[in-house]
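S.K.: Below is the structure I would like to discuss, written out as structure tokens.
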Amino acid sequence: MNRPARRDPSRLLEASGFRDFVSKDWGPAERQVELPAGAAAAAAEHRRRLVEALPGKRIAVASGWAPVRANDTDYGFRSDSDFAWLTGCHAEGAVLVIRPDGDAELFLIEPAGPEEADFFANARDGELWIGPTPGLAEWAEALGLPCRSVTELSSALRGRIPETLVTRGVDPLLDALAPGAPDGGLRQTLAELRRIKDDWEIGELRRAVDATIRGFADVAAELPAAIKGGGERWLMGTFNRRAYTEGNGVGYASIVAAGAHAPVLHWVRNNGPVPEDSLLLLDAGVEVDSLYTADVTRTMPVSGTYSPVQRKVYDLVLKAHLAALDAVRPGAAYSDFHTAAMGVLAQGLHDWDLLPVSVDEALSVENQHHRRYIVCGVGHYLGLDVHDCAHSSPEAYHDGTLAEGMALAVEPGLYFHPNDLTVPPELRGIGVRIEDNVVVTGGGVDVLTKALPIEPDKLEAWVRDRM
């Protein structure tokens, strides 16, 4: 990708003495690629599955580029998820090309050497600015893939036969070199393949979940500091430290919602106080170095003990959550766990006189009165993306069937906003969500997050033990 270089205004490019001096006497630099064990083999199997699903096609998938944050500063780079699934590579500006026979090549940007100006003059990518990065040989050894310079990509995409399918809009270079190449269902096919996790992927999700649970424990330990004045931001920073220590960072913007912020579904400003008598709704996940992420929510009593009204809401959400988990099994409709949770919530809301119609009327498609208090769904696929497999067809997602190996986040909740006049004053400002990460097994469901309590008495004790 041809981007403007961030050049030093001191005109070192024109200083022949400097150019000659800086080009010599550099020893070997550490460029080794560190991958999670099994990553290369898993990616090779993923490529095999893709070729089997799209026979006779040439396929090109790009890793992408870090988006600009402001002026000459960028956000951190994260590979396109489909590219990561097919390669295990996290190099910026890379393109994978798979031929119809299954042979694949990876095209990468070669690091500039000391004899090249970008070595010292390119503040974005130059080695003297950002440190050594792996070269073609290092990536080839780590991935077991032939690697070539991205300057040779055009030669790999020549000709109209075989038909080339590309992930468009990820890399301008790939778009330019294959201007007429369609997606041809490539993204949808990849999404639907990614629904079924192999053993290696499930292991990566376990790593992400385990790190996330440690992050939740860190947050619980810092509740006193948050109460004293650190607020939601203090807790967000606490979880982020764990995420960056044990993984690639957070898998999505953490929701650290205390008090009246808890009913806000995606409260990511995280700039409020943490009142001692409030609930803390913490929705966060560590993304490990393979880019698989957890997505976990617990609603904790900041004081270590739920008030009676907080416990009342929590108990109803827990009942819905257990009903949803019980509905997750191979062969069940994807919608079954959603339907199970909503039925419990609607009945409970009706019992509290919060619905203007009967439970059956509320649950009918044309009404949905109970959804005032839960406008979101109660789950989604989970994997490389927090909302994984989003390019799947409706028939393969919400209208589909659960199968062994699918990973899900199951997350019913109730959200009573502080200005909602349909609920009694004591409920206003209470938000509760319980979210577990699960894998569909041959016998039902494996709850990856079971080490983090959901029963209210146990969660209270878990919080108090860490404060």
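The values are calculated or read from the model by the stated rules, or taken from the named source; none is laboratory data. Because the structure is a prediction, the values reported are computed rather than measured. For neighbour counting, all protein chains shown are included, and Cβ atoms are generated from backbone atoms with ideal geometry for every residue, glycine included. Heads up: the accessible areas ignore ligands, DNA and RNA and are worked out on the full protein's heavy atoms, side chains in. Shrake-Rupley method; radii C 1.70, N 1.55, O 1.52, S 1.80 Å.
S.K.: Tell me, yes or no, whether region 67-74 has at least one residue that is aliphatic (A, V, I, L, M) and either touching a Lys or Arg at 6+ places or on another chain (Cβ under 7 Å) or surrounded by 15 or more Cβ atoms within 10 Å (Cβ to Cβ) (or both).
M.R.: First pass over region 67-74, keeping only residues aliphatic (A, V, I, L, M): 68, 70.
With the extra rule that they be either touching a Lys or Arg at 6+ places or on another chain (Cβ under 7 Å) or surrounded by 15 or more Cβ atoms within 10 Å (Cβ to Cβ) (or both), the set shrinks to none.
Among the residues of region 67-74, not one is aliphatic (A, V, I, L, M) and either touching a Lys or Arg at 6+ places or on another chain (Cβ under 7 Å) or surrounded by 15 or more Cβ atoms within 10 Å (Cβ to Cβ) (or both), which makes the answer no.
S.K.: Out of region 268-294, which residues are more than 20 Å from VAL439 (Cα to Cα), open to solvent by less than 20 Å² (accessible area, probe 1.4 Å) and not in a strand (DSSP E or B)?
M.R.: Once the filter is applied, which keeps residues that are more than 20 Å from VAL439 (Cα to Cα), open to solvent by less than 20 Å² (accessible area, probe 1.4 Å) and not in a strand (DSSP E or B), region 268-294 yields ASN270, GLY272, VAL274, SER278.
S.K.: Name the one entry in GLU30, GLU34 that is open to solvent by 80 Å² or more (accessible area, probe 1.4 Å) and within 16 Å of ILE130 (Cβ to Cβ).
M.R.: Details: GLU34 fails: within 16 Å of ILE130 (Cβ to Cβ).
Residue meeting the stated conditions: GLU30.
S.K.: Can LEU452 be described as under 26 Å from ARG206 (Cβ atoms), surrounded by 14 or more Cβ atoms within 10 Å (Cβ to Cβ) and of a type in the set (A, V, I, L, M, F, W, C)? So that I can check it myself, show each step before the final result.
M.R.: Details: under 26 Å from ARG206 (Cβ atoms): yes; surrounded by 14 or more Cβ atoms within 10 Å (Cβ to Cβ): yes; of a type in the set (A, V, I, L, M, F, W, C): yes.
Yes: the conditions hold for LEU452.
S.K.: Which one is nearest to ALA327 (Cα to Cα) among residues in region 345-354 that are in a helix (DSSP H, G or I) and open to solvent by less than 30 Å² (accessible area, probe 1.4 Å)?
M.R.: LEU345
S.K.: Being among the hydrophobic types (A, V, I, L, M, F, W, C) and open to solvent by less than 50 Å² (accessible area, probe 1.4 Å) narrows it down to one of LEU106, LEU128, so name that one.
M.R.: Of LEU106, LEU128, the one residue that is among the hydrophobic types (A, V, I, L, M, F, W, C) and open to solvent by less than 50 Å² (accessible area, probe 1.4 Å) is LEU106.
S.K.: Here's something else I'd like to know. What's the total number of residues in region 295-310 that are touching a residue at least 40 places away in the same chain (Cβ under 8 Å) and within 17 Å of LEU235 (Cβ to Cβ)?
M.R.: Of the residues in that region, 8 qualify.
S.K.: Follow-up. Within region 131-184, work out how many residues are in a loop (DSSP other than H, G, I, E, B), in contact with a Pro (Cβ under 9 Å, 6 or more places away or on another chain) and surrounded by 16 or more Cβ atoms within 10 Å (Cβ to Cβ).
M.R.: 4
S.K.: Any idea how many residues of region 310-338 are outside any helix (DSSP H, G or I) and not aliphatic (A, V, I, L, M)?
M.R.: 4
S.K.: Select from region 195-251 the residues that are polar (S, T, N, Q) and over 15 Å from the mean Cα position of the chain (by Cα) and write down the one among them that is most open to solvent (accessible area, probe 1.4 Å).
M.R.: THR245
S.K.: Need a quick list: strands (runs of 3 or more DSSP E) entirely within region 355-433 having at least 3 residues that are among the aliphatic types (A, V, I, L, M) and open to solvent by less than 10 Å² (accessible area, probe 1.4 Å).
M.R.: Correct list: 407-410.
S.K.: Inside region 68-119, can you point out the residues that are in a strand (DSSP E or B) and either small (Gly, Ala, Ser) or in contact (Cβ under 8 Å) with a residue 24 or more places away in the chain (or both)?
M.R.: ALA70, ASP74, VAL95, LEU96, VAL97, ILE98, ALA104, GLU105, LEU106, PHE107, LEU108
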